[in-house]
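Working notes, structure below.
Values quoted throughout were computed directly from the atomic coordinates according to the rules given, and no laboratory measurement underlies them. These figures come from a predicted structure and were not determined experimentally. Note that each Cβ is placed from the backbone with ideal geometry, even for glycine, and that neighbours are counted across all protein chains shown.
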Amino acid sequence: MPQNHFLRKLDEVIDWDRFTGKLLRYYKGKGEIGQAPYNPTIILKMLLVSYLYRISERQVETMANDSLSLSYFLKLRADEKTPDHSTLTSFKERLLKNGGKKAYEELFDEIIKIAIEKGIKFGKLQLIDSVHTIADVNIAKNKARQKEGKKPRDRDATWGVKGEKLILNKDGKRETKTEYFYGYKDQISLNAKTEIITSVKPGYANDYDGRHLPDLVEKDLKKGIEVKVVAGDKGYDDGGNHYFLKQKGISSAIRLNDYRTKKKDESKEGWAEIKESQEYNEGLRERYKIERKFAEVKKWHGFSRCRYIGFLRHAIQCYLTFMAVNLKRLVKLLTGISFRGEAKPM
């Protein structure tokens, strides 16, 4: 196995044993003790590999049996049986049953703790935005099911606004068209300096983005990240958010709606002052980094479409996806080795 192989470096960077205790707690006494034959950390590693390489859980089972580099990463003996895909499913369900979303959030947060312990220096600018994922549903068949009185395939998925785009109408004139999607929408906070995702909040497609900003900032602060500026798009331009940031001593780089500075009353001066500040303009210049991160998770890690059905299982995909991309980034920052998704373990 090459010294610079990504999985070797990932194994060196992360003390995987620290996950075992957390996982055993949600296994309710099972795992290394009891009937289950596998250390749950091995199963967690297999799931993360499936998200890193954008492969199914059946495929990662096959890969674990055939790949020497993956066997090395999993610490499996040559004669040791690999956990099968049904074991991976049972693992996910047991964590969900015994710990809910909290179990997965704790695993995600552990990566941030490791980054801080390893000496990664986080910057003071946080970028906040939402990312949508299409439900694993055939819309036409779903409508037909409901007409027959059956329940929708995914009862938790909702319709949300994807954005607006310019189109040419039948008269050849340009007009704005609203695009919609059916699925889920998650809130993300990314540190601009390290490009590590520091906080995640799974959500519904029809959620109002603005109401989630305080939760994300509070999560970041509890992790020990010194937040001094928060940048976001117009979806977060809510008076309550600006007040919250001010109370926390944090500068706002939330892109202001035009009506803020075009008012005729005196209050527009305060908004104009924010708009002209260095923090505001620098924050908005850095926003491309979170958009780039979303493009990465959709193109290379399958986050454009849901793997599972239902909100809680979508939350599993959300946490594991962003754990995987954070591990990529952590290895890059600490070792200089980049992950090459097209190069599967051999």
| remark: The extension gain from Leu221 to Tyr180, computed as 0.36 nm times the residue separation minus the Cα-Cα distance, is 11.4 nm
| note | With a ≥ b ≥ c from the Cα gyration tensor eigenvalues, square-rooted, and the rule rounded for a/c under 1.5, otherwise prolate when a/b > b/c and oblate otherwise, the range 215-284 is prolate
| Residue by residue through the range 134-149, which ³J(HN,Hα) values in whole Hz follow from phi under the Karplus form 6.51 cos²θ - 1.76 cosθ + 1.60 (θ = phi - 60°), with glycine and proline marked x? | 6, 5, 7, 9, 8, 4, 4, 5, 5, 5, 5, 4, 5, 5, 7, x
| request: Give the long-range amide H neighbours of Ser199: residues separated by 5 or more places, or on another chain, with amide H under 5 Å away, using H modelled in the peptide plane at 1.01 Å from N. | output: Ser189
| said: Under the rule a/c < 1.5 gives rounded, and otherwise a/b versus b/c splits prolate from oblate, where does the range 160-247 land using the Cα gyration tensor? | reply: prolate
| the range 67-83 - phi-based ³J(HN,Hα) in whole Hz, Karplus 6.51/-1.76/1.60, Gly and Pro as x | 9, 5, 5, 6, 4, 4, 4, 7, 6, 9, 6, 4, 9, 8, 6, 7, x
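Could you give the dipole magnitude of the chain about its Cα centre, charging the beta-carbon of Lys and Arg +1 and that of Asp and Glu -1, in debye to the nearest 20? Write out the running numbers ahead of the final one.
Numbers: 69 positive and 49 negative charges, 161 e Å.
The dipole magnitude comes to about 780 debye.
Which trypsin sites (Lys or Arg not before Pro) in the range 96-156 pass both tests, a DSSP loop state and at most 14 other beta-carbon atoms within 10 Å?
Values: sites: Lys97, Lys101, Lys102, Lys113, Lys118, Lys121, Lys124, Lys141, Lys143, Arg145, Lys147, Lys150, Arg153, Arg155; in loops: Lys118, Lys121, Lys124, Lys150, Arg153, Arg155.
Taking the range 96-156 and a limit of 14 other Cβ atoms within 10 Å, the loop trypsin sites (Lys or Arg not before Pro) found are Lys118, Lys121, Lys150, Arg155.
From the cross-link list Lys101/Lys222; Lys22/Lys75; Lys124/Lys275; Lys185/Lys222; Lys22/Lys289, which pairs have alpha carbons spaced over 21 Å apart? Before the final figure, lay out the partial values.
Values: Lys101/Lys222 18 Å; Lys22/Lys75 19 Å; Lys124/Lys275 19 Å; Lys185/Lys222 23 Å; Lys22/Lys289 32 Å.
In this structure, Lys185/Lys222; Lys22/Lys289 exceed 21 Å between Cα atoms.
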| query | R0 = 30 Å: FRET efficiency of Ile116 with Arg145, Cβ-based, nearest 0.05? | reply | 0.05
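Which of the GluC sites (Glu not before Pro) across the range 69-119 are loop residues per DSSP, with 10 or fewer other Cβ within 10 Å? Don't skip to the answer; put the middle values down first.
Values: sites: Glu80, Glu93, Glu105, Glu106, Glu110, Glu117; in loops: Glu80.
Those that pass, being in a loop and sparsely packed, number zero.
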| note | Counting sequence-distant residues (5 or more places) and residues on other chains, those with an amide H built under 5 Å from that of Phe303 are Lys298
| remark: Quick P(r) readout (the range 44-151; Cα-Cα; 5 Å bins; whole %) gives 2, 9, 12, 13, 16, 16, 14, 9, 5, 3, 1, 0
| Counting only DSSP beta bridges with both residues in the chain, what percent are antiparallel, rounded to the nearest 5? | 75
| Pair Arg292, Glu93: separation of 7 Å Cα→Cβ label points (nm) | 4.2
| Sequence-distant residues sharing a close amide H with Ser251 (under 5 Å, placed H) | Val229, Val230
| remark: Which of [x] 38, 26, 19; [y] 42, 22, 16; [z] 33, 24, 19 is the computed semi-axes √(5λ) of the Cα gyration tensor in Å? It is [x]
| note | Residue-ordered couplings for the range 186-196, obtained by feeding phi - 60° into the Karplus form 6.51 cos²θ - 1.76 cosθ + 1.60 and rounding to whole Hz (Gly and Pro as x), are 10, 9, 10, 10, 10, 7, 5, 6, 8, 6, 9
| request: Find, among the trypsin sites (Lys or Arg not before Pro) in the range 213-294, those assigned to loop by DSSP (not H, G, I, E, B) with at most 10 other beta-carbon atoms within 10 angstrom. | output: Lys262, Lys264
